[in-house]
Amino acid sequence: MDSHAEPQAEPKPTLTHVHLHGGPKIVHHYDLQYAVEYGCEYRLRDSEDETGE
């Protein structure tokens, strides 16, 4: 977890969310992408694209 007193000047290109529970660890990666309707948003990375590129 990252904690910051002030927002960063530049958003992170990728966020990682880890589900910790009684079962197996589940990891999701969200990549920052541009959307015409909203500007920039984080979108769930396709499971086939492990590199994020």
Exercise for the section: Check the range 16-24 and report whether any residue there is hydrophobic (A, V, I, L, M, F, W, C), surrounded by 10 or more Cβ atoms within 10 Å (Cβ to Cβ) and modelled with pLDDT of 90 or more. Expected result: no
Exercise for the section: Taking the residues in the range 25-50 that are open to solvent by 100 Å² or more (accessible area, probe 1.4 Å) and part of a loop (DSSP other than H, G, I, E, B) as candidates, determine which candidate is modelled with the highest pLDDT. Expected result: Lys25
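The values are calculated or read from the model by the stated rules, or taken from the named source; none is laboratory data. It should be emphasised that the depicted structure is a prediction, and the values quoted were computed from it without experimental measurement. Heads up, the Cβs are rebuilt from the backbone with ideal geometry, glycines too, and the neighbour counts pull from every protein chain shown. With ligands, DNA and RNA removed, areas are computed over all heavy atoms of the protein, side chains included. Shrake-Rupley method; radii C 1.70, N 1.55, O 1.52, S 1.80 Å.
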